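Have a look at the structure below, then the notes.
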Amino acid sequence: MIKTRYWILLIVLIFALSVLLFFIFNNKKQETVEIVQDGTVIYTIDLDNIQNEYDLIIKYGESDFNKVHVCRGDIYISDSSCNGRDCVNRGHISAGGFPIVCAPNKLIIRYTDNRFDGIAG
Amino acid sequence: MKYRLINLLVIIILSLTVLSSCNDSYNEISFFAMDTPMNIRIYGGFDNLPGSAEKIITDLEKKISVTDTESEIYNLNNNKSLSVSDETLYLINTAIKYCDFTSGSMDITVYPLVEKWGFTTKDYIIPEQEEISSLLDSVDYKNIIISGNSIKLENNAEIDLGCIAKGYAADIVSDYLKNEGITSAILDLGGNIQTVGTKPGGEKWKIGIKSKEGNGIIGSVSVADSAVVTSGNYERYFEKNGKRYCHIINPDTGYPADSGLSSVTVISESGTYCDCLSTAFFVMGKDKAIEYYKKYNDFEMVLISDSNVIMITPGLESVFEKTDNNCILEIIGN
């Protein structure tokens, strides 16, 4: 009789653990961004796991570039060859959460996980 | 013992099934077109669908771009007369229909003024009144004369289909996807959102609405099979002497629209309809927008005033979720 109770308890615990793991992995707030150039994801970066800040120089064509600064919890374009420099002025991705876009250099930096399926505007 | 082991195995398998079924596979494409980033996510279907969707949009852009020297619209604007393709003709006719529908608050001949204010080059200026007045003669969609596929532009008019192009592109792509059997997809064409069906599990899509400065989210709407399109004064603007001048020009005055609204979001089945109405209502202001709502009742809208009041129509009450506690929420159009 005692052995049967242990088995039932084990089965219930395994099922409960599975459900718990499901909710953990699906609701965990992710601070992962992807850098997309010309429609191709060229970097996927987990901002939560940045130990040391660093810069990425992303070239476009022969002479154009964007300098991307990556730090714990944040990312932004610190320099760009484009004329308007809207992408630099856009600031940190953490400000509002919207993608950072450099249209002349076909570069987008965006979160991979959002509260919303889309943002109008 | 044997049966207990079998039971244990069944529970483990069921649990793993629960975990693994929660990710729905999709194909996605990101690209630039119509001078803006675009993203299309399609659940199910063949791998070639995103690429085909992109081609539909880029083919359209080749016909209607105002800057591409090969495009029909560029050549029409420069030569003032051209025989255009069926699709360009259809789009111009549709745009004129909405210019009429909105009594000219949306006008596809407003481009010379947009250029004069510097919104195409970012060399922003405040034109002299005489300059604006002289350009206003050209700004009238009735300067577009259509005979069969031949288009003629009178009074030095120029066409820019920017206020309808993305909405129309979203409509034709979503129609294409539905014809291919797709029941779940979401298009983000430079902020023009179009949803096909629901999310794979049947849940509605949650679409954020930007705040009046465009740097946060004030709320969201949950939609299915709908377009959500916003026109706002935070998209393209410059400031001088403390005043903001935005890129949406009032065709009557020749000045940037200043109706007391920071943004207008229109929700309806058609992206084309939403795109046109959002521009027109931004120019018209709240009271006229409400008149249209009460008269036609085939769309819903979210207006954000300059004083940060969020106004929603009754059809959104059950699907709108306010996320910014600094904003007051009002129901309009009852």
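If you take the residues in region B:206-238 that are in contact with a Leu (Cβ under 9 Å, 6 or more places away or on another chain) and facing chain A (nearest Cβ under 8 Å), which one is modelled with the lowest pLDDT?
Result: B:GLY232.
Mind listing whichever residues of region A:98-113 are within 11 Å of the chain's Cα centre (by Cα) and more than 8 Å from chain B (Cβ to nearest Cβ)?
A:ILE109, A:ARG110, A:TYR111, A:THR112, A:ASP113
With surrounded by fewer than 16 Cβ atoms within 10 Å (Cβ to Cβ) and away from every other protein chain (no Cβ under 13 Å) as the only criterion, which of B:ASN250, B:ASN241 stands out?
B:ASN241
Any residue at all in region B:157-167 that's modelled with pLDDT of 95 or more, more than 29 Å from B:SER52 (Cα to Cα), in contact with an Asp or Glu (Cβ under 9 Å, 6 or more places away or on another chain) and part of a loop (DSSP other than H, G, I, E, B)?
Yes, some residue in region B:157-167 is modelled with pLDDT of 95 or more, more than 29 Å from B:SER52 (Cα to Cα), in contact with an Asp or Glu (Cβ under 9 Å, 6 or more places away or on another chain) and part of a loop (DSSP other than H, G, I, E, B).
Tell me which residues, restricted to region B:97-106, are among the hydrophobic types (A, V, I, L, M, F, W, C) and over 17 Å from the mean Cα position of the chain (by Cα).
Scanning region B:97-106 gives a single hit, B:PHE101.
Restricting the search to region B:68-112, which residues are within 23 Å of B:ALA257 (Cβ to Cβ) and part of a loop (DSSP other than H, G, I, E, B)?
B:THR102, B:SER103, B:GLY104, B:SER105, B:MET106, B:ASP107, B:ILE108, B:THR109, B:VAL110
From the list A:ILE75, A:ILE93, which one is assigned to a strand (DSSP E or B) and β-branched (Val, Ile, Thr)?
A:ILE75
What do you reckon, is B:THR120 under 20 Å from B:ASP275 (Cα atoms) and part of a loop (DSSP other than H, G, I, E, B)?
yes
Which residues, counting only those in region B:273-291, are touching a residue at least 60 places away in the same chain (Cβ under 8 Å) and either on the phi > 0 side of the Ramachandran plot or among the hydroxyl-bearing types (Ser, Thr, Tyr) (or both)?
Listed by number, the residues that qualify are B:TYR273, B:THR279.
When region B:22-63 is examined, which residues are found to be among the β-branched types (Val, Ile, Thr) and out of contact with any strand residue (DSSP E or B) (no Cβ under 7 Å at 6 or more places or on another chain)?
Of everything in region B:22-63, those that are among the β-branched types (Val, Ile, Thr) and out of contact with any strand residue (DSSP E or B) (no Cβ under 7 Å at 6 or more places or on another chain) turn out to be B:THR36, B:ILE56.
Among the residues of region A:31-39, is there at least one that is at pLDDT below 90 and loosely packed, with under 12 Cβ neighbours inside 10 Å?
no
Would you be able to tell me the number of residues in region B:233-272 that are within 22 Å of A:VAL101 (Cβ to Cβ) and without any contact (Cβ under 8 Å) to a residue 60 or more places away in the chain?
11
For a quick check of your reading of the model, give me the residue pairs whose first member lies in region A:82-93 and is closer than 11 Å to A:ASN105 by Cβ and more than 11 Å from chain B (Cβ to nearest Cβ), whose second is part of a loop (DSSP other than H, G, I, E, B) and of a type outside the set (Gly, Ala, Ser), with beta-carbon atoms closer than 9 Å and at least 6 apart or on different chains.
A:CYS82/A:PRO104; A:CYS82/A:ASN105; A:CYS87/A:PRO104; A:CYS87/A:ASN105
For region B:186-204, what are the residues that are assigned to a strand (DSSP E or B) and within 11 Å of chain A (Cβ to nearest Cβ)?
Residues satisfying the conditions are B:ILE186, B:LEU187, B:ASP188, B:LEU189, B:ASN192, B:ILE193, B:GLN194, B:THR195.
Here are some conditions: (1) over 16 Å from A:THR112 (Cα atoms); (2) within 14 Å of chain B (Cβ to nearest Cβ). A:GLU62 meets all but one. Which one does it not meet?
(2)
Which one of A:ASP74, A:ASP117 is under 19 Å from the mean Cα position of the chain (by Cα) and more than 14 Å from chain B (Cβ to nearest Cβ)?
Exactly one residue qualifies, and that residue is A:ASP74.
Looking at B:TYR90 and the list (1) buried (at least 16 other Cβ atoms within 10 Å of the Cβ); (2) away from chain A (no Cβ under 14 Å); (3) not β-branched (Val, Ile, Thr), which single condition is not satisfied?
Checking B:TYR90 against (1) buried (at least 16 other Cβ atoms within 10 Å of the Cβ); (2) away from chain A (no Cβ under 14 Å); (3) not β-branched (Val, Ile, Thr), the one that fails is (1).
Taking B:THR121 as the residue in question, decide whether it is without any contact (Cβ under 8 Å) to a residue 40 or more places away in the chain and polar (S, T, N, Q).
When the stated conditions are applied, B:THR121 passes them.
Could you tell me whether B:TYR98 is closer than 26 Å to B:ASP171 by Cα, surrounded by fewer than 15 Cβ atoms within 10 Å (Cβ to Cβ), modelled with pLDDT of 95 or more and aromatic (Phe, Trp, Tyr)?
Judged against the criteria, B:TYR98 is not a match.
Looking at region B:20-63, which of the residues that are basic (Lys, Arg) and within 14 Å of A:GLY39 (Cα to Cα) is nearest to the chain's Cα centre (by Cα)?
Among residues in region B:20-63 that are basic (Lys, Arg) and within 14 Å of A:GLY39 (Cα to Cα), the one nearest to the chain's Cα centre (by Cα) is B:ARG41.
Here are B:ALA185, B:ALA157: which of them is farther than 30 Å from B:GLY219 by Cα and in contact with a helix residue (DSSP H, G or I) (Cβ under 6 Å, 6 or more places away or on another chain)?
B:ALA157
Could you run through region A:96-109 and say how many residues are part of a loop (DSSP other than H, G, I, E, B) and under 15 Å from A:LYS59 (Cβ atoms)?
So the answer is 3.
May I ask you to list the residues in region B:31-54 that are more than 10 Å from chain A (Cβ to nearest Cβ), buried (at least 18 other Cβ atoms within 10 Å of the Cβ) and under 17 Å from A:ASP117 (Cβ atoms)?
Those that are more than 10 Å from chain A (Cβ to nearest Cβ), buried (at least 18 other Cβ atoms within 10 Å of the Cβ) and under 17 Å from A:ASP117 (Cβ atoms): B:ILE40, B:ILE42, B:TYR43.
Determine whether B:TYR293 is surrounded by 21 or more Cβ atoms within 10 Å (Cβ to Cβ) and part of a strand (DSSP E or B).
So B:TYR293 does not fit the description; no.
The values are calculated or read from the model by the stated rules, or taken from the named source; none is laboratory data. Keep in mind that what you see is a predicted model, and the values were worked out from it rather than measured. Virtual Cβ from ideal backbone geometry, glycine too; neighbours counted across all protein chains shown.
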